[in-house]
Each structure stands twice: as structure tokens, then as C-alpha cells.
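Every number here is computed from the coordinates shown, using simple stated rules; none is lab data. This is a predicted model, so every value here is computed, not measured. Reconstructed Cβ throughout: ideal geometry from the backbone, glycine too, with neighbour counts over all protein chains shown.
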Amino acid sequence: MHAESNISELISLLNSFKKRHFTLIHYGFKEGRLLGNELSKHSTISRHVFIQDYAQKLYQRHLKKEGINRILVRNGFKAQKKNAHYPPTEHFSDLHITYPDEGMDGFGDYLIIGDEYKESGGPAYAVAIHLTYLDEDDDMNIFHFISDQTD
């Protein structure tokens, strides 16, 4: 469900496949209350996946229903304009531990590349390798290994 999604088209799809179970991915749709009211009439929704920066808490609240799993996807990668600008290490995510505190049944992330696709390119003046790891508290951090030559 993105910003241009149409509820009537979704309802038509749900009605066409009444024996199927659906997962809805929420990525920018704004009418949470209206969507929640419409979906309450259907029993084929089994899961909601919320992309954190595009499905706020109030929106998520309108879609909370017993028996429907809720998954939160968060982008923990802090992309830099140049590979040479990455710090040696930084925090990546704690969602793998805290998702129940968020009222969720599961979690997801974008691994170590982030959610932003870039069409641009060109030669990299520095090479970066990113490695996630768990610290002593099971908090997830990321090492950024940057080449010695950066120009």
C-alpha cells in the first residue's frame, strides 16, 4: 500500500481470491483508519509489513487486529556520499531484540545497503566493505572497512 494505492482495487482483489491469505506491505499509504475499517470485513489478511519511515505508529494502530501478524522493517544503514566518510564502526540496529516492545510479531531490515536505490555510479575512490556484528549486549553494530587509498 503506497501513496497512490486504491482501497477499492484492494478490496476487489481480496474478493476475487477469497481462499488466499494476503500479506500487505505498507509503504506510504495515508488512510490508515479507512483501510482498517475496510479490512475488518475480510478474514484473508494474515500479515501486515510496515516500512517504518512510510507507515507511522498511528497508521499501524489502525491495522492492529488479533490473529494478524505485524512485521516492522527498519533501515538501520546510514549511507554516506563517499565511501571514505564511513566511521570505523557504528550502531546498526537493535530491532532484532526490541521488535516486541514495538508491538510487533517480527522484524526486518535492508541488510547493509539501505533502502535507497541510486542510479548513479562511477569509479569508487575508496572501497568499503560493511560487516554487521553483535556486541556483548547482542546489539547489532556495523564495521566499515575502508581501503587505505581513498583518492
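Of the options (1) 51, 33, 24; (2) 56, 37, 32; (3) 60, 38, 26, only one is Cα extents along the principal axes in Å as computed from these coordinates, and that is (3).
What trypsin sites (Lys or Arg not before Pro) does region 66-96 have in DSSP loop regions with at most 15 other beta carbons within 10 Å?
78, 81, 82
In this Cβ point-charge picture (+1 for Lys and Arg, -1 for Asp and Glu), the chain has a dipole of about 1100 debye about its Cα centre.
Among the lysines of region 7-146, pairs at least eight places apart or on separate chains and with Cα atoms under 19 Å apart come to 12.
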